Amino acid sequence: MKKSQKRGGVVLSIFWIKIIASVSMLLDHTGMILFPGAWWLRILGRIGLPLYALCIAEGFRHTRSRLKYFLRIFMLGVLCQIVYDFVSKEIYLGILITFSLSIVLLTLIDALICACKKQKNCAKRHSAH
């Protein structure tokens with residue numbers, strides 16, 4: 001059985017999830033900028049955020065360097081933020097900044113889980129003596 005196939009259901013690769021998220025985001029932004037009255041474009045566009053969040057979580061799970069992963073997302077977020085602020089003349093926190101902060105939070109949660117596991121293993125060793 002192929003890696004992207006699963007019994008009883010369809011499994012999409014991250015590549016296709018990114019494509020769906022990108023098309024969805026394009027529809028959302030097109031509706032927001034060019035067709036403000038086309039609410040259905042905005043609704044279809046809302047599919048993108050949870051798909052991108054999934055990609056961030058998968059990227060966090062599979063990255064070799066969490067620091068480099070954080071820095072890539074954060075720097076891209078800062079660059080996009082500067083462009084957006086310049087063009088729109090308003091301050092709005094972009095989603096890439098939020099995603100980079102979520103990487104920090106995931107790192108802290110992972111460290112806490114590892115510390116708890118080590119403490120339980122330590123407690124088991126001491127209680128056996």
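The values are calculated or read from the model by the stated rules, or taken from the named source; none is laboratory data. Being a predicted model, the structure only gives us computed values, none of them experimental. Positions of Cβ are generated from backbone atoms using ideal geometry, with glycine treated the same way; all protein chains shown enter the neighbour counts. Protein only, heavy atoms only, side chains kept; ligands, DNA and RNA dropped before computing areas. Shrake-Rupley method; radii C 1.70, N 1.55, O 1.52, S 1.80 Å.
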Inset, instruction - Would you work out what percent of the accessible area of region 22-80, with all protein chains in place, is carbon or sulfur (probe 1.4 Å)? - result: 74 percent
Inset, instruction - Subtract the Cα-Cα distance of Phe15 and Ile113 from 0.36 nm times their separation in residues, and report this length gain in nm to one decimal. - result: 32.3 nm
Inset, instruction - Classify region 57-113 as rounded, prolate or oblate, taking a ≥ b ≥ c as the square roots of the eigenvalues of its Cα gyration tensor: rounded when a/c is under 1.5, otherwise prolate if a/b is larger than b/c and oblate if not. - result: prolate
Inset, instruction - Within region 10-32, find all residues whose amide N lies under 13 Å from a label point positioned 7 Å from the Cα of Arg46 along Cα-to-beta-carbon. - result: 28
Legend entry - Phi to ³J(HN,Hα) by Karplus 6.51 cos²θ - 1.76 cosθ + 1.60 over region 112-118, Hz, x for Gly, Pro: 5, 4, 4, 5, 5, 5, 5
Legend entry - region 23-30 - phi-based ³J(HN,Hα) in whole Hz, Karplus 6.51/-1.76/1.60, Gly and Pro as x: 5, 4, 5, 4, 4, 4, 5, 5
Inset, instruction - State, as an integer percentage, the relative contact order of the chain based on alpha-carbon contacts under 8 Å between residues 6 or more apart. - result: 17 percent
Legend entry - Cα gyration tensor shape for region 11-97, rounded if a/c is under 1.5, else prolate or oblate: oblate
Inset, instruction - For the chain, give the magnitude of the charge dipole about the Cα centre (Cβ charges: +1 Lys/Arg, -1 Asp/Glu; no others), in debye to the nearest 20. - result: 1020 debye
Legend entry - Choice from Ile95, Ile113, Ile47 with maximal GNM fluctuation in the chain (Cα, 10 Å cutoff): Ile113
Inset, instruction - With a 1.4 Å probe and every protein chain left in place, work out the accessible area per residue of the chain in Å², rounded to a whole number. - result: 81 Å²
